[in-house]
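The values are calculated or read from the model by the stated rules, or taken from the named source; none is laboratory data. Because the structure is a prediction, the values reported are computed rather than measured. With ideal geometry, Cβ positions are generated from the backbone for all residues, glycine too; neighbour counts draw on all protein chains shown. Heads up: the accessible areas ignore ligands, DNA and RNA and are worked out on the full protein's heavy atoms, side chains in. Shrake-Rupley method; radii C 1.70, N 1.55, O 1.52, S 1.80 Å.
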Amino acid sequence: MTHPRWYSQPFPPAGSISAEGIKRTLGKPPIPWPAILVREAAQNSWDARLGGRSVEFTLNLAVVPPQHANAWRSLLLEGAPHSDRFPLRQTLRSRENESLMVRTLTVGDRGTKGLGGPTRADVARGDEPRDWVSFVLNVGDPPDTKRGGGTYGYGKGILYQTSRAGTILVHTRTMVGAELQTRLIGICLGESMELSDELSRTRPYTGRHWWGEVESEHVEPLIGVQAVAAAEALGLRPFAPDETGTDVVIVDPDFGEDTDEEIARYLADALAWNLWPIMLEQRGTERLIAQVWHNGLNVPVPVPEKTRGLRTFVAAYRRLVTGDEVSTLMCGNPKQALGQLALERQLIPPYEPPAAAQDLGITTAPHHVCLLRAPELVVKYHAGPEPISANLAYAGVFRAFDDMDRTYAAAEPPTHDDWVFAQLDGRGRTFVRTTFVRIKERLAEFARPAEIKSTGTRAPLGAVSNFLGSLVAAAAGFGAASPIVPPATSAERRAGADDVAGVGGAWTHEGSATSSYPSVEDGDALGRAASPPTASRRGRVSIRPDGEPYFEDSEIGLLLVQETVVVGSGHLIARATAGITVADGSREQDPPAGSDEPYVIGWRTGAHEERGDTVNLIDAVAGQRLSVVVRPVPDTITQIDVAVVRDEEVVTSGR
Amino acid sequence: MSTLYPRLPMRAARERFKDLRERSATDMSRWYDTTHLAQYFAPTGGTRATQERLSVLRFQVVETAKAHGFPSPLGRSVHDFDTALARELHTNMDLVPVEAAERPMWAFVALVLLPDVAVWRFPDPPDDRVLATDITRHVFGRLWWRAELTRDMARLDDPYHLLGVFPERNFDQILARRRSIGGSPELIRALAKEWPKDWTGIDETDALRDVLKHLMRRGAFQDLYGLPEAPLRLEVARTISDVRHGGAHSRRAGDLDDGPVGRHARR
């Protein structure tokens with residue numbers, strides 16, 4: 001048994017591609033490296049799935065622990081070329097008197113078949129899988145995974161790109177013949193260089209290096225016991241006896257300016273936003289379970305079904321799967337069914353998508369169509385027209401038909417993040433181009449509400465959009481042209497509502513706030529009428545709504561929150577009620593059969609939360625802020641009223 | 001130029017109503033008149049109806065009533081009579097809506113011109129049926145308005161074909177919401193056009209009430225008045241079908257233009 005060491009590939013007489021050339025095959029992708037890394041790595045893992053069980057995909061950002069540092073230095077510098085073009089030497093040598101700090105990013109998968117097949121590239125292909133050869137040795141192999149996401153395997157270039165040392169360790173366990181075999185190899189994609197051997201003969205080298213059992217002209221991996229021992233010495237995650245899979249350790253990953261905390265968060269978000277179709281729980285066992293670790297701590301990966309923005313896409317995807325209001329996009333000439341599109345609309349509060357989503361083009365509420373083909377990995381979020389309101393998100397999912405998969409795959413650049421019809425000729429070009437035309441047509445219909453063409457239009461479009469806007473942003477007011485507005489302007493009525501509080505010492509008076517608009521009765525008439533001046537006493541405590549209500553996301557869905565402020569000081573018992581405002585501006589008295597009604601979930605006073613519609617503050621102080629939390633009903637306008645309750649009432653009503 | 005009808009001031013109307021209640025149905029037939037001492041007209045806005053014209057109107061209405069059994073009790077053909085009379089009043093009276101909103105005008109028609117028919121239609125009438133304190137309950141006024149609200153000018157051959165869709169009490173459901181739904185002829189017509197004929201197994205009045213409630217919820221933020229007929233009908237039809245098929249909650253607001261998606265999918 002020999003010691004594992006590095007082997008540098010010399011240029012053969014017939015020439016070869018240099019390391020730089022390989023790295024360049026990725027081109028300059030429009031999305032950042034970490035996102036590409038997630039996409040490519042997860043795609044490789046997904047393609048290697050065994051089936052019948054879920055794929056566990058982990059990204060582990062860590063530091064080589066001190067007890068393994070010596071092993072790293074002694075094992076991984078053996079035979080390394082003495083050149084500054086082999087940066088691993090600098091990485092591992094590090095500074096005097098300082099402990100070795102080597103950061104690693106390990107991309108691991110389990111429930112996958114591992115890198116199997118022959119370990120040298122000059123063995124005829126046959127029926128055997130050639131994952132090892134494709135991943136470790138060759139560059140640009142055509143795909144042999146059926147319905148695989150990768151087409152040319154350039155994607156692995158990103159692994160080397162990410163390492164400052166251009167170095168990765170590949171630790172895999174796979175079925176060889178009838179037995180499981182562990183394999184370990186180091187690979188470096190550096191820069192082409194010239195090196196002198198012991199006899200001072202200078203030769204050019206391609207810049208590709210392998211670490212393992214060096215044979216005459218290639219390198220075999222460490223296998224079996226030897227691999228297990230080396231992996232243990234290096235502190236790599238061991239495989240369970242019956243487990244298969246692959247860990248790729250990226251040595252000294254380079255994330256530019258970002259801190260490791262930021263990048264861990266980014267990777268977790270990127271996993272969700274790039275891989276959500278294969279992460280969905282509904283897939284059962286055919287599913288990818290992603291995890292991110294940073295220095296031993298779990299960084300939660302957003303759950304697509306529950307993540308704002310993303311879940312709109314999930315809803316559209318579900319439609320696609322169940323065939324609920326799905327449209328088939330057709331190319332007319334030549335006649336061809338291209339794929340299916342499902343669209344979903346959702347109301348979402350204003351929010352800023354995570355950086356990983358922004359890098360994919362989703363910078364505000366989604367108005368995109370997610371493009372998928374057979375592997376169901378996100379190719380791209382294709383932007384559609386901006387929705388009329390910033391809160392009215394819509395999301396679509398287009399999935400190419402399986403028989404069209406090759407066409408779309410061929411249109412993808414090496415990073416698989418777009419469909420570029422210009423890359424194709426003939427029919428394929430027409431199909432891909434038409435796909436975008438059809439999507440655009442469907443979105444044009446979908447993205448805006450019914451067009452108003454009638455000559456007798458009584459409400460200008462502005463009024464309509466105003467209605468919708470107010471639905472969300474809770475702006476008080478209408479378009480002045482709106483036909484059902486009672487004569488008083490919203491500003492007057494708003495002022496009226498405020499006046500109620502201005503009375504300042506009423507026995508019971510109502511402040512009224514509506515997520516859209518207050519009704520005249522509630523705002524003015526009732527408020528004033530219910531405040532008999534005789535009952536008014538100085539210093540009496542009361543409460544009034546303050547500002548506009550706003551939406552808040554929660555586990556049970558959207559909530560409506562109305563801030564209130566205490567006026568005066570003393571013992572305050574206040575009750576909030578929620579109702580639905582109907583077309584004539586009044587409050588719904590009798591809901592339709594079987595319909596939901598909004599209700600007050602509770603009150604928040606500082607960090608404290610109180611369930612129920614009534615809040616009891618023994619020592620309310622003027623200016624104290626409370627908020628009312630209401631569960632609204634979709635597609636309705638919620639009206640929230642806040643009133644002071646007299647002690648007697650509380651007793652009699654048993655609250 | 002529209003026709004202006006005599007108006008009976010409220011005080012005179014109440015007196016005449018008192019008289020009417022004291023009379024028996026038999027001498028009612030000779031109690032009508034084409035003029036009243038206290039009557040007045042709108043100062044401008046049309047041609048005043050002559051006594052001859054009022055006589056013709058009376059004759060026409062009485063003829064229609066006779067066709068439905070007048071003066072023997074009305075019985076089962078109430079709905080038919082109302083529909084026929086609504087059509088007739090709307091066709092022949094030559095009213096503009098502003099005139100038709102005049103309560104004293106309707107009081108004159110019911111108490112002076114046609115008291116016998118009014119009492120025949122509503123025996124022992126409560127005051128609002130004849131005084132028009134609430135036009136949506138007035139024996140004649142409500143019929144004119146029903147015709148006005150359901151008239152479908154797209155059907156020149158039979159503009160009043162929607163009149164019979166809703167029976168009285170159901171139409172009252174709509175008019176009870178006149179500040180919103182009842183105020184939009186377009187919406188009422190859409191509702192009438194989409195209203196299914198067969199409600200076997202379902203209480204039609206309850207269903208209508210639920211449909212209206214859903215539309216009231218929607219109308220708070222969706223401008224149902226501004227929509228052109230086609231999408232409005234689609235919207236209304238969907239609401240009806242939701243209620244009818246027990247889909248209690250109204251569908252998402254955006255469903256309006258999802259229609260084509262489903263149709264494509266079925267192809």
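Subtracting the Cα-Cα distance of A:V225 and A:M330 from 0.36 nm times their residue separation leaves 32.1 nm of extension gain. Helix B:185-194 and the longest principal axis of the C-alpha atoms of chain B enclose an angle of approximately 60°. Extending 7 Å from Cα along the Cβ direction at B:D172 and again at A:N298 yields two label points whose distance is 6.4 nm. The angle between the Cα long axis of helix B:141-150 and the longest principal axis of the Cα atoms of chain B comes to about 30 degrees, rounded to the nearest 10. Counting Cβ atoms of other protein chains within 10 Å of each residue's Cβ and taking the mean over peptide B:206-216 gives 4. In this structure, the amide hydrogen of B:S184, modeled 1.01 Å from its nitrogen in the peptide plane, lies closer than 5 angstrom to no residue at least 5 positions away or on a different chain. Remark: the range B:104-110, residue by residue, has Karplus-estimated 3J(HN,Hα) of x, 4, 5, 4, 4, 4, 7 Hz, where x stands for each Gly or Pro and the curve is 6.51 cos²θ - 1.76 cosθ + 1.60 at θ = phi - 60°. The aspartates and glutamates within cross-link reach of B:K18, meaning a Cα-to-Cα straight distance under 20 Å and a gap of 8 or more places when in the same chain, are B:D27, B:D33, B:D116, B:D124, B:D127, B:D128, B:D134. Between the DSSP loop rule and a limit of at most 16 other Cβ atoms within 10 Å, which GluC sites (Glu not before Pro) in the range A:210-258 are left? Filter output for the range A:210-258: A:E215, A:E217, A:E243, A:E257. Other residues whose C-beta falls under 11 angstrom from the C-beta of A:G602 contribute a net charge of 0, scoring Lys and Arg +1 and Asp and Glu -1. For an R0 of 56 angstrom, estimate the FRET efficiency from the Cβ-Cβ distance between B:H245 and A:R164 and round to the nearest 0.05. Working from the Cβ atoms, E equals 0.30. Close amide H contacts of A:M330 (hydrogens built in the peptide plane, cut-off under 5 Å, sequence separation of 5 or more or a different chain): A:L338.
Between A:A383 and B:D206, the simple spin-label model (points 7 angstrom out along Cα→Cβ) gives 5.2 nm.
Comparing B:L227, B:L37, B:L191 in a Gaussian network model of chain B where C-alpha atoms under 10 Å apart are linked, the largest mean-square fluctuation is found at B:L37. Spin-label model, A:E243/A:A121: points 7 Å from Cα along the beta carbon direction are separated by 3.1 nm.
Full extension from B:D134 to B:V56: what is 0.36 nm times the residue separation minus their Cα-Cα distance, to one decimal in nm?
25.4 nm
To the nearest 0.05, how large is the calculated FRET efficiency for B:S72 and A:T363 if R₀ is 60 Å and r is the Cβ-Cβ distance?
The computed FRET efficiency comes out at 0.20.
Backbone amide hydrogens, once placed in the peptide plane, bring A:A365 within less than 5 Å of A:Y351, excluding anything fewer than 5 places away on its chain.
Scaled against the 2.2 N^0.38 Å expected of a compact globular protein of N residues, the Cα radius of gyration of chain B reads 1.13. Taking the Cα atoms only, what angle lies between the long axis of helix B:204-219 and the longest principal axis of chain B, rounded to 10 degrees? Approximately 70 degrees, to the nearest 10. Taking the centroid of alpha carbons for each part, the range B:85-130 and the range A:391-438 are 68 Å apart.
Ranking A:K380, B:K197, B:K213 from most to least accessible surface, computed with a 1.4 Å probe over the protein chains only, gives B:K197, A:K380, B:K213. Helices in chain B, meaning DSSP H runs of at least 4 residues, each add -39500 (n - 2.57). Divided by all residues, the mean residue ellipticity at 222 nm is -15000 deg cm²/dmol. Taken residue by residue and averaged, Cβ atoms of other chains lying within 10 Å of the Cβ of A:326-334 number 2.
For the residues of A:588-595, the average number of beta carbons from a partner chain within 10 Å of their own beta carbon is 6.
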